[in-house]
Each structure stands twice: as structure tokens, then as C-alpha cells.
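Structure first, commentary second.
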Amino acid sequence: MTGDDVPDPTDGPRAAVRWFWSTDRADVLFVRDALSSLLVVSMVGLLLFSVSGVWPPLVAVESGSMQPNLQKGDLVFVTEEHRLSPEYASGGTGVVPHRTATAHGYEKIGGTGDVIVYEPDGNSRAVPIIHRARFWVDNEENWYDRADESIVAADSCSELRNCPAPHAGFITKGDNNRSNNYYDQSAGLSEPVKPGWVRGTAEYRVPFAGWVRLVISGEATVARPGGAALGGERALGQA
């Protein structure tokens with residue numbers, strides 16, 4: 001737009017707005033481009049939120065606790081657990097644990113059963129954990145008899161943490177069998193995960209797309225016990 005076509009910003013609010021969007025001044029161009037980029041990012045974020053039902057809807061993985069199915073630097077799309085759940089999800093929770101999934105051939109994130117993001121022990125201030133739901137236990141259940149003996153670190157229920165179960169919930173575990181040898185509940189990461197502690201389920205992964213998020217947050221250069229960056233938080237997986 002030529003100088004003669006650019007409105008005078010002193011002619012009133014409308015003229016000032018037209019001037020802002022039409023002037024070729026370098027400083028205004030910079031601000032205008034920044035605002036346009038922010039608008040696009042906001043629109044994409046709102047679209048993802050409308051689909052996922054959770055905020056933030058993206059998880060940047062920062063450890064190997066879920067290898068080989070999630071790698072450090074992957075970006076994972078998370079949805080509210082009821083949004084895409086099949087009818088055989090565990091009793092109204094929206095989550096399909098490994099054992100139920102095996103019977104139905106249900107797979108997510110490279111393995112059998114849902115990968116969930118949850119608050120350990122229901123503590124909303126704690127770093128969230130992203131691990132796979134293995135099976136459901138009832139209140140006061142002796143779940144040792146249903147567990148894989150090789151990953152409970154105990155010889156009986158009396159020697160096993162959180163057994164009998166202090167309440168109903170999910171038994172969980174990271175997929176990495178080298179760094180995550182035991183169930184989260186056996187390792188002391190959390191009590192059985194109540195449905196109300198679940199923030200969402202992992203649906204899709206984009207390899208390496210989370211590295212930008214990790215670099216900005218500083219997590220890409222710091223050794224961590226394992227986990228993922230969840231918006232402004234970390235979804236931690238013990239490694």
C-alpha cells in the first residue's frame with residue numbers, strides 16, 4: 001500500500017486500526033506478524049482442545065520410561081478418557097486396561113491397553129505420571145494373585161505395597177521393562193489409580209515433534225528420572 005493509501009492513525013480508532021494493518025513500518029510489521037502467529041497458534045490450540053477435551057492436549061515425552069512405544073522427544077496427543085473409549089472400558093472409567101484389551105485386541109501407543117496420564121496418589125500438585133493401565137483392582141482385593149509375579153517385587157500380598165488394595169483403581173506400569181521392572185504400585189510411585197486421578201488417555205504420537213517443547217523448558221538438557229512435559233508441567237514416568 002502506498003503512502004497516500006495508508007490512513008492517518010490520528011483520524012480516530014477505525015483509522016488507527018486500518019493504519020496498523022496496512023502500514024509498512026518495520027516495527028509495526030514485526031508486531032503484526034507476531035500477533036498473526038499468536039492467533040494461528042491459539043486457533044490450533046482451541047481446535048485441539050475441542051477434540052481432546054483436556055488442556056493442555058499435548059505431551060512432550062522427556063524420558064525412556066515408556067520405550068519402545070514412546071521415545072524421548074515424542075509429542076503425544078491426549079484426550080479426555082471417555083471421548084474415544086469403547087464399550088468394554090472398565091466400568092464407566094473410559095479406560096481399557098491391558099488385561100481387558102488383550103481379550104478384545106485393543107491396542108494404543110504400540111501396546112495393548114490404554115496409556116493414561118494420572119496424578120500419583122491423587123495429588124494435583126505432584127508431577128503427573130504417564131504409564132499404561134495394566135488391570136483394575138477392587139477395594140481390599142488381594143491383587144498379588146492376579147499380578148505377574150516377575151514385576152511385583154514381593155513373594156506375597158503381605159510383602160507387596162498397596163496390597164490388599166486400599167481402594168479400587170488401576171494397577172499401572174511403564175512399558176520399558178529394563179528401567180521399569182515393577183508395577184508403579186509395587187514400586188511405591190502411587191496407590192492404585194482412582195478414575196478421578198486420570199487426566200486423560202494417550203491417543204497418538206508424533207515422533208520427535210516434542211523436542212522444541214523440551215528445549216524451551218530446559219528438559220532436553222537435564223537428566224530426569226523419566227517422564228513427559230505436559231504443557232507447563234511434566235508427566236513423569238519412573239525410569
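Look at the Cα gyration tensor of the stretch 108-203: its axes a ≥ b ≥ c give a/c of at least 1.5 with a/b at or below b/c, and that counts as oblate. Here the 3J(HN,Hα) profile of the stretch 120-137, calculated from phi with Karplus coefficients 6.51, -1.76 and 1.60 at θ = phi - 60°, is x, 6, x, 8, 5, 8, 7, 5, x, 10, 10, 8, 8, 6, 9, 6, 9, 10 Hz, Gly and Pro shown as x.
Counting other Cβ atoms within 10 Å as a rough exposure proxy, the listed residues K194, K72 run K194, K72 from fewest neighbours to most.
Which of the three applies to the stretch 32-115, rounded, prolate or oblate, going by the alpha-carbon gyration tensor with a ≥ b ≥ c and a/c under 1.5 meaning rounded? Oblate, since a/c reaches 1.5 and b/c is not below a/b. Would you work out if the stretch 9-50 is rounded, prolate or oblate? Take a ≥ b ≥ c from the square roots of the eigenvalues of the alpha-carbon gyration tensor; rounded if a/c is under 1.5, else prolate when a/b is larger than b/c, oblate otherwise. It comes out oblate by the Cα gyration axes. Couplings for the stretch 187-203, taken from phi via the Karplus curve 6.51 cos²θ - 1.76 cosθ + 1.60 with θ = phi - 60°, read 7, x, 6, 6, 5, x, 7, 5, x, x, 8, 7, 8, x, 10, 6, 10 Hz in order; Gly and Pro are left as x.
For D184, neighbours were defined as the other residues whose beta-carbon sits under 11 Å from its Cβ, and their charges (Lys and Arg +1, Asp and Glu -1) total +2.
Taking amide H positions as modeled 1.01 Å from N, with prolines and chain starts lacking one, the residues under 5 Å from R134 and 5 or more places away or on another chain are H98, I171, T172, K173. Across the stretch 50-60, coupling constants 3J(HN,Hα) worked out from phi with the 6.51/-1.76/1.60 Karplus curve, θ = phi - 60°, read 5, 7, 7, x, 10, 9, x, x, 10, 10, 9 Hz, and Gly and Pro carry x.
Every number in this text was worked out from the coordinates using simple rules, so none of it is lab data. All of these numbers come straight from a predicted model, not from anything done at the bench. Virtual Cβ from ideal backbone geometry, glycine too; neighbours counted across all protein chains shown.
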